[in-house]
Amino acid sequence: MKNKKTNMRLALGLAVLFLIAVGIKPLMKAFNGMKDVADIDEIEAEKLNPVGPAFNADSAYIFIEAQCNFGPRAMNKEGHEKCLQWIIDTFKELGCKVRTQKADLQGYDGTILKSTNVMAQYQPEKTTRVMLCAHWDSRPWADNDPDSTNWHKPILAANDAASGVGVMMEIARLLQQEKDFPIGVDFVCFDAEDWGAPQWYDGDVEGNTWALGSAYFAENLPEGYEARYGILLDMVGGQGAKFYRERFSKQYASAIVKKVWKAARQAGYGSFFPKGDGGYVTDDHVPMNQKTNIPTIDIISYYPDCAQSSFGPTWHTISDDVEHIDKNTLKAVGQTLIQVLFTEIDS
């Protein structure tokens, strides 16, 4: 009797397994079909379909070179103040309304930094706005240079600062020529980003010493200011640069990451924007996400195989000059941003 019951249980078990297998196959086929449809939809959405004017990398390069002609733009230095006035004047010439935000900020070693954030507004009367931003100050020390004798020398910061401002200025120049553009664009130049404690400093450091200007801006937004989202540009002109998805950006503003990387493919520059993740970067977008309601992402270069730094071989070295700027990289980033702006609609 015991064997008969065991055989019956075994038969019933096999029958159930058979029915499950027969039932699962159509379900799995249907699921895979749905997945294939989703993949097809994504591929269709990212097909080459450029819109907007052609971004001029030569013009952006000239804006970068002009900043570097002031020499190092480190905090409290003469070049810093001269470049500040040039930034203000240039954005005004490009048809923007310019406002400044001054603050005395404390550096890692107690130094008071005379900081000035600059906001240049294209079509300030528009209520629907997008914010583009970059820092404009330069690193006071080449503390990542392969030659330790250069660690206390200032850098020209062609890529790590000037490139982002140069791309924004070229976009402002192109927008100035547009009629009936449906949205407003704010170009925000953050100061005091690159005064973080140098690698050779052996004193005590309390709290974060980077991105001081953007933190102040986030805590003291202009009255009534709102933006649909923000895009930070940092080191967007390096040779051989690729822009992986920065992880804080995905954490705080994943929809904007998807929007920008999709735009890169539509504009024909998907190879510069891989569908892979970089690292978590403490940058100007972090305080914007933590202290405001403006979801902000970081377009920042990532070199996974670079021994010198994952930010590239010229990061915080005396080699960060205009000779190491790649116009192909500027074009890829600038045209992607044009694609983003010209597919944005007022709502």
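The values are calculated or read from the model by the stated rules, or taken from the named source; none is laboratory data. The shown structure was predicted, so the numbers you read here are calculated from the model rather than taken from an experiment. No Cβ is skipped: glycine too gets one built from the backbone with ideal geometry, and neighbour counts run over all protein chains shown. Ligands, DNA and RNA are stripped out before the accessible areas are found, and what is left, the full protein with its side chains, is counted by its heavy atoms. Shrake-Rupley method; radii C 1.70, N 1.55, O 1.52, S 1.80 Å.
Numerical summary
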{"quantity": "Furthest towards positive pole of dipole, Ala162, Thr292, Trp151, structure part the chain, Cβ charges", "calculated": "Thr292"}
{"quantity": "Cα-Cα pairs of the stretch 211-340 separated by more than 17 Å (percent)", "calculated": "58"}
{"quantity": "Carbon/sulfur fraction of accessible area - the chain, other protein chains in place, 1.4 Å, %", "calculated": "53"}
{"quantity": "On Cα atoms only, tilt of 163-176 relative to the major axis of the chain in degrees", "calculated": "90"}
{"quantity": "Restraint check, Lys97/Lys327; Lys179/Lys259; Lys47/Lys275; Lys242/Lys262; Lys82/Lys102, Cα-Cα greater than 20 Å", "calculated": "Lys97/Lys327; Lys179/Lys259"}
{"quantity": "Equivalent ellipsoid, the chain (semi-axes from 5 times Cα gyration tensor eigenvalues, Å)", "calculated": "46, 26, 20"}
{"quantity": "Burial order of peptide ranges 73-82, 166-175 (average beta-carbon count within 10 Å, highest first)", "calculated": "166-175, 73-82"}
{"quantity": "Whether the stretch 188-267 is rounded, prolate or oblate, judged on the alpha carbon gyration tensor where a/c under 1.5 counts as rounded", "calculated": "oblate"}
{"quantity": "Average accessible area per residue (Å²) across the stretch 53-139 - probe 1.4 Å, nucleic acids and ligands excluded", "calculated": "41"}
